[in-house]
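Encoded as structure tokens, the structure appears first; notes follow it.
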Amino acid sequence: MSRYNAAAVEPKWQAAWDAADIYTASKMDASKPSYYALEMFPYPSGKIHMGHVRNYAMGDVIARYKLAQGYRVLHPMGWDAFGMPAENAAMEHGVHPKGWTYENIDAMRAPLKRLGFALDWSREFATCDVAYYKQQQAIFVAFFENGLVYRKKAKVNWDPVDMTVLANEQVIDGKGWRSGAEIETRELDQWFFKITQYADELYYGLDALERWPDKVVTMQKNWIGRSEGLQFKFSFTKPVDSFDGIEVYTTRPDTIYGASFVALAYDHPLIKALTPDNADLQNFAKACEKMGNTAEAIEKAEKLGVDTGLRVQHPLDDSITLPVYAANFVLMGYGTGAVFGCPAHDQRDLDFARKYNLSVTPVVLPTGTKEENFLIENEAYTGPGTLFNSREFNGMDVSQSIGAAIETFENLGLGARQVQYRLRDWGVSRQRYWGAPIPIIYCEDTSCGEGGAVPVPVKDLPVELPADVVFEPDNPGNPLERHPTWKNVNCPNCGKPARRETDTLDTFADSSWYFARFAGGQGDGLPDDKPFDKEQASKWLPVDQYIGGVEHAVLHLLYARFFTRGLRDCGLLDLPSGEPFAGLFTQGMVTHETYKNENGDWVNPDDIADGKQISNGQAITVGAIEKMSKSKKNVVDPNEIIAGYGADVARWFVLSDSPPERDVEWTESGVIGAWRFANKVWDMVAETSDHQNPMSVASGADGDALALRKFAHKVAERVTTGIEGFRFNTSVSAIYELTNAIRKYKTNDAARAEALGILIRMITPFMPHLAEECWSHMGGDGLVSVAAWPVADPDLLREDNVTLPVQVNGKRRSEITVAKNADKQSCEALAMADEKVIASIGDKAVRKVIVVPGRIINIVVS
RNA sequence: GCGGGUGUGGCGGAAUUGGUAGACGCGCCAGAUUUAGGUUCUGGUAUCGAGAGAUGUGGAAGUUCGAGUCUUCUCACCCGUACCA
């Protein structure tokens, strides 16, 4: 037999696809229905890894399947190319971020092409292309003009050594992840996108996303954190300078009669006003600022506070007064930065009350509990129940009393219903070079523009990154800031001296609209005078199927949902729902065993033979199965797999066995299995020498030939539903079964040709090169990549006879074969006559016989 | 703590309206062919039992003629999140 030679076959068909130009959306018949398949575009680190292979292989199955079904498919590829690693490389190796990035892109494009994905490369771009960030700046200006961008002072994590702002994720135990320096909190002018303007829409829009994983929807809902409650004001018992009360927010206004104190954040304006004259508050503020914000620190942190000496009146009974505390568990960033404490029904408040000997008055009685038996000790009761100790609310159920309490406050003019969000506006200023410059000019005349901030007129865009910047490892900071001339400009408004904003945009902005630019191509290219063609983009969007890692469940996917709404409201995009991705799939990771030697060092699998490390002979221990990562040395390089086994084998492997949403473990034996399968398919086709048309239909077949046809059509049905349901592993196993069936069927006749034709077309989305080679060998017309998807013939799916299991008391004892439409009586008669059934029943009495036509027969005896 | 998810052979996993549990692949066992080297082919492979048979989907209970699937409780692991008022 002849071995399938992937190394020779794969480039041949890739060239054929290129020559026929079959994956370019603009070349496809515009009258066909359109389908937009997209995988999250890669960061050009320089190397593709197995995670990429799996991600793009999944998208490719969808794209090729839809192509075969007659859709006009857009399946583009590009590069998420701005970001820190390029600047780190610049500092460490003295290279320019731009050169480093474009070299990496070239290094990654080649293996992606070798994998044979059905990608439309005509729309390729990198987010660091001037043409791209020029349009991103235009979007920024449009957002600015539509009130979606503003500037404010904000607290940031400032690294005094690297001289930059760090994201929260980059602060580890209060120290900078790179410099190790103690991080300071600074107030800096920062640009913000007004994502909170869409908080409600972003929240409720999630409910319409039926083809999103529940998990992601839940995570986004939690992130947006919508809550409904009451905001009202406590009045002081004695006047306080320049404050006429304390605004608090609560979701439990029903527990107002259980209130025993009011607590404010240490940085609440009222506390700040009191602090200069109060040593206790000064110490307290220092302690609060020091307190870590790691999960562990918060867990352990004791509920602490300082009595301010101020007292407020109970809003519904001014004879009751409550003490006012500064407390470390109240956050200025949420609600009003002030709360009332109801210790009986909130654990945090209870801990605090016990510490400072404040009263605990229960006001919610759990259903079925007697008042005299209900005691709050060290556990607050947060469950449902009936109000008591609450005057006008007594006897109400918690669920109705919340609304009643809000109404009471509103009627008395004391407060109002209020919706709160956890979501904050998106700070986009980064003190970095390798990003899109924020297109703002600060005029020396602060009456110009908005406080001197003037957006760069669209005609003056792009604000291009200067090439001549210096990266000094000892002087990190922002090279744009250090550039001798770049920031010096004249105000576009009034011509007075001005300076450029030297901050660049958060790179999450880059990935928030790239899918629209892909979709908004015109003719052969992407427009240079606008972000995207409105008509084209509106036609393709939303993306029909988006695929990527679950690590983007919140930030990227939320920012993109914000951007499409902003683009819509700026009139740039016609997308009423505002939703960029109609279907989302989050795929699992590619994992691999890890290995350690006697020193406890990670060992590369290549360096292991017979349980010993080749380079030094040390014994190897097999560790946990983990995500492939350089640090754990458990990475398998896709290039080596492609070179050794071929792209098809790599693709087939990452899609078989594990369900797509779960992790798949890369194993050598699994790869060999995939490789053997590819060879089996090729052998079957290769021995078919008389070139029967793979599109043929063996309509006259009977006997074994008919059985094979029926089976092939059944498998076609299963493979199709597997792909539709994102269960590629089940499609793969169905394909295996068909392969086994064809191999057992020895006759080289029309039925076999038909079954092979179905098989080849079904493996096309998974192993397109092998499929083309087989198709060509069989004498199929044109390219199988554009051949029609096999549709099961309903006549062949229908079975005339069925085998029914016969149970006695729920245990399977025998089986009978009956006509599909046999009536209950005849089924029962046949079952009762079965020898094994008779033996099982013995001398027991038959109580009941259940016949489920086409399914099962169960005989109940006793 | 809260939210979400997952638990099925030696392993990855099938079983999508409650109806033959273990498809398919890997591994393993036996045989055949070939033989130097990622062969190929045939058969077998949940567990206990010689056998008939019994048991079996993390555990316990329940609903049902019938439960991997539904209900309640419970255990383990994974992911997300964190003083959100």
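The values are calculated or read from the model by the stated rules, or taken from the named source; none is laboratory data. Because the structure is predicted, anything quoted here is derived from the model rather than measured. Cβ atoms come from the backbone with ideal geometry, glycine included; neighbour counts cover every protein chain shown. The protein model used for the area step is the full one, side chains on, heavy atoms only, and it has no ligands, DNA or RNA in it. Shrake-Rupley method; radii C 1.70, N 1.55, O 1.52, S 1.80 Å.
Overall size of region A:407-475 from C-alpha positions, given as principal axis extents largest first: 66, 34, 23 Å.
The trypsin sites (Lys or Arg not before Pro) found in region A:790-839 that occupy coil by DSSP, while having at most 14 further C-beta atoms within 10 Å, are A:ARG798, A:LYS820. Sequence-distant contacts, meaning Cα pairs under 8 Å at least 6 residues apart, place the relative contact order of region A:823-862 at 39 percent. Distance between the pseudo-spin-label points of A:SER242 and A:THR803 (7 Å out from Cα toward the beta carbon): 8.8 nm.
By accessible area of protein heavy atoms, probe 1.4 Å, what ranking do A:PHE471, A:PHE515 get, highest first? Working shown, then result.
Working: A:PHE471 35, A:PHE515 0 Å².
Ranked list, largest accessible area first: A:PHE471, A:PHE515.
Under the convention that each Lys and Arg Cβ holds +1 and each Asp and Glu Cβ holds -1, the size of the dipole of chain A around its Cα centre is about 1400 debye. For A:LYS155, the solvent-accessible surface computed with a 1.4 Å probe is close to 120 Å², ligands and nucleic acids excluded. In terms of the Cα gyration tensor, with a ≥ b ≥ c the square roots of its eigenvalues, is region A:212-339 rounded because a/c is under 1.5, prolate because a/b exceeds b/c, or oblate? Here region A:212-339 falls in the oblate category. Of A:GLU379, A:GLU626, A:GLU392, the order by accessible heavy-atom surface (1.4 Å probe, DNA, RNA and ligands excluded), from most exposed downward, is A:GLU379, A:GLU392, A:GLU626. Evaluated at q = 0.18, 0.19 Å⁻¹, a Debye calculation over the C-alpha positions of region A:573-664 (equal weights, vacuum) places log10 I(q)/I(0) at -0.91, -0.97. Express in whole angstrom the spacing between the alpha-carbon centres of region A:603-679 and region A:178-200. Taking the Cα centre of each part, region A:603-679 and region A:178-200 sit 41 Å apart. Full extension of the chain between A:MET163 and A:CYS570 yields a length gain of 142.9 nm, computed as 0.36 nm times the residue separation minus the alpha carbon distance.
Between beta-carbons, use under 12 Å as the cut-off and find the net charge around A:MET695, counting Lys and Arg +1, Asp and Glu -1.
-1
Taking all protein chains together, A:TYR36, A:TYR356 sort by accessible area into A:TYR356, A:TYR36, largest first [probe 1.4 Å]. Each helix, a run of at least 4 DSSP H residues, gives -39500 (n - 2.57); summed and divided by the residues of chain A, these come to -10500 deg cm²/dmol at 222 nm. Taking label positions 7 Å along the Cα-Cβ direction at both A:VAL458 and A:ALA15, the computed distance is 4.6 nm, reported to one decimal. Electrostatic bookkeeping for A:ASP510 treats Lys and Arg as +1 and Asp and Glu as -1; over the other residues with beta carbon under 13 Å from its beta carbon, the sum is +1. By its C-alpha gyration tensor, with a ≥ b ≥ c as the square roots of the eigenvalues, how is chain A shaped: rounded for a/c under 1.5, else prolate for a/b larger than b/c, else oblate? Oblate. The label-point distance for A:LYS175 and A:THR621, in a model that sets each label 7 Å from Cα toward Cβ, rounds to 2.8 nm.
You can think of it this way: the chain between A:LYS32 and A:GLN69 has 12.3 nm of extra reach, that is 0.36 nm per residue less the Cα-Cα gap. Accessible surface of A:VAL622, taken over heavy atoms with a 1.4 Å probe and every protein chain present, rounds to 90 Å².
Calculated FRET efficiency, A:ALA819 to A:VAL419, Cβ-Cβ distance, R0 = 51 Å: about 0.20 to the nearest 0.05. When you count the other C-beta atoms within 10 angstrom of each residue and take the mean per peptide, A:415-428, A:137-150 line up highest first as A:137-150, A:415-428. Sorting the segments A:711-721, A:310-320 by their residues' average number of neighbouring beta-carbon atoms within 10 angstrom, most packed first, yields A:711-721, A:310-320.
For region A:206-213, putting each phi into the Karplus relation 6.51 cos²θ - 1.76 cosθ + 1.60 with θ = phi - 60° gives couplings of 4, 5, 8, 8, 6, 9, 10, x Hz, in residue order, rounded to whole numbers and with x for Gly and Pro.
Could you compute the FRET efficiency for A:ARG3 and A:ILE614, with r as their C-beta to C-beta distance and R0 at 41 Å, rounded to 0.05?
Numbers: r = 28 Å, r/R0 = 0.69.
FRET efficiency, A:ARG3 to A:ILE614: 0.90.
Subtracting the Cα-Cα distance of A:GLN197 and A:LEU412 from 0.36 nm times their residue separation leaves 74.4 nm of extension gain. Using the Cβ-Cβ distance between A:LEU375 and A:ARG847 with R0 set to 51 Å, the FRET efficiency from 1/(1 + (r/R0)^6) comes to roughly 0.40. Taking every alpha-carbon pair under 8 Å whose residues sit at least 6 apart, region A:613-745 reaches a relative contact order of 23 percent. A DSSP coil position with no more than 11 other Cβ atoms inside 10 Å describes none of the trypsin sites (Lys or Arg not before Pro) in region A:63-109. Taking a virtual spin label 7 Å from the Cα of A:GLU103 along the C-beta vector, which residues in region A:51-88 bring their backbone nitrogen under 18 Å of it? Flagged as within label range: A:81-88. Could you work out how far helix A:768-778 tilts from the main Cα principal axis of chain A, as a 0 to 90 degree angle to the nearest 10? Orientation of helix A:768-778: about 20 degrees from the principal axis. The shape of region A:448-514 comes out oblate: with a ≥ b ≥ c from the C-alpha gyration tensor, a/c is at least 1.5 while a/b does not beat b/c.
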